[in-house]
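Reviewing the structure listed below.
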Amino acid sequence: MELHLFCIPGERDIRHVLDASRPYLQNKDEPTVAFLPQAWLNVNHWYEYTAQSFSKLAKVELIDTESMTLAEMEAILRRAHVVYISGGNTFLLNHRLHTSRLLPYLRKKILAGLPVVAFSAGTTLCGPNILTSNDLNAVETTHFAGLNLLPFNFNVHYDDSAERDDWLSDYHVFQPNPVVLMADNAYIRVDGRKTSLVRGDAWILRREAEKEKIEPGNTLKIEA
């Protein structure tokens, strides 16, 4: 797997997304990015901005789970050299991927090597479930299973506060797997079987244990 996981896409832009995507798009005959903004209520809202940002690198193809057939969405993923999963409401994102039946195929493509660049809700989606999201389940989804690409959950935009830690400790009353806590400046890279913090601040929270700071450059050794 090739995963590039952020809390924010850049400083008032999507430079982190572009930088992570660039190696997969250069020297391709028809470089294509599959854009999954399903965490945003209006999926077209950021399309023009995203297409313009990628204009010198690749063609951006929007996946819209509300209006496209499963076959159409799968065809975009087959053409893509990168899938870009943006932020918003994690519950809405997960609900749309489940109800459209796209999630199993998306997972299959990622496990087969389709690179992922994601931030915020997109990062949270990569865990076994989305129960450690900060978002409100306004869509009343009953779909909580994530892409299950990694053995740990994510809590993004982490502020290293006692209140957040107390809230997250409730997760371990019911679930055993660790949670990776990512501050806004954090960037986690998955390269095959190696998961590491590239830069920024992040911690590991395990059941019945104090959280541990992750040092940039170190491989995350996390057992569920």
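Couple of notes before you dig in:
- Normalised by the number of residues in the chain, the average gap of Cα pairs under 8 Å and 6 or more apart makes the relative contact order 21 percent.
- Phi angles of segment 43-49 translate, via the Karplus equation with coefficients 6.51, -1.76, 1.60 and θ = phi - 60°, into HN-Hα couplings of 5, 7, 4, 9, 5, 4, 4 Hz per residue; Gly and Pro are given as x.
- Magnitude of the charge dipole, segment 45-128, Cβ model with Lys/Arg +1 and Asp/Glu -1, debye to 20: 320
- Each Lys and Arg contributes +1 and each Asp and Glu -1, all at the Cβ; summed about the Cα centre of segment 34-189, the dipole is approximately 920 debye.
- Note on residue 211: aspartates and glutamates with a C-alpha under 18 Å away, same-chain residues under 8 apart excluded, are 159, 160, 163, 165, 166, 170, 184, 201, 223.
- In the chain, the longest principal axis of the Cα atoms and the axis of helix 70-79 are about 90 degrees apart.
- When the helices of the chain are scored as -39500 (n - 2.57) per DSSP H run of n ≥ 4 and the total is divided over every residue, the value at 222 nm lands at -7500 deg cm²/dmol.
- Separation of segment 56-106 from segment 6-22 is 19 Å, based on Cα centroids.
- Between residue 13 and residue 210, the modelled label-to-label distance comes to 4.1 nm, taking each label 7 Å out from Cα in the direction of the beta carbon.
- Measuring gaps between exposed loop sites in the chain (trypsin sites (Lys or Arg not before Pro); DSSP loop; at most 10 other Cβ atoms within 10 Å), the longest gap, sites not included, is 57-192.
- Of the solvent-accessible surface of the chain, computed with a 1.4 Å probe over protein heavy atoms with every protein chain present, carbon and sulfur atoms account for 48 percent.
- Here the alpha carbons of segment 69-118 define both size measures, Rg and Dmax, at 10.7, 27 Å.
- Taking amide H atoms as placed 1.01 Å from N in the peptide plane, the amide H of residue 214 lies under 5 Å from those of 202, 203, 204, each 5 or more residues away in sequence or on another chain.
- Whole-Hz couplings from phi, Karplus 6.51/-1.76/1.60, listed for segment 11-19; x for Gly and Pro: 8, 6, 7, 10, 4, 5, 5, 5, 4
- Segment 192-224 and segment 142-185: distance between their alpha carbon centers, rounded to Å: 12
- Distance in nm between pseudo-label sites at residue 28 and residue 148 (7 Å out along the Cβ direction from Cα): 2.8
- The long axis of helix 90-99 is offset from the longest Cα principal axis of the chain by roughly 60 degrees.
- For residue 109, the aspartates and glutamates whose Cα falls under 13 Å of its own Cα, not counting residues fewer than eight places away in the same chain, are 2, 74.
The values are calculated or read from the model by the stated rules, or taken from the named source; none is laboratory data. This is a predicted model, so every value here is computed, not measured. Using ideal geometry, Cβ is built from the backbone for each residue, glycine included, and neighbour counts are taken over all protein chains shown. Areas reflect the complete protein model, heavy atoms only, side chains present, ligands, DNA and RNA absent. Shrake-Rupley method; radii C 1.70, N 1.55, O 1.52, S 1.80 Å.
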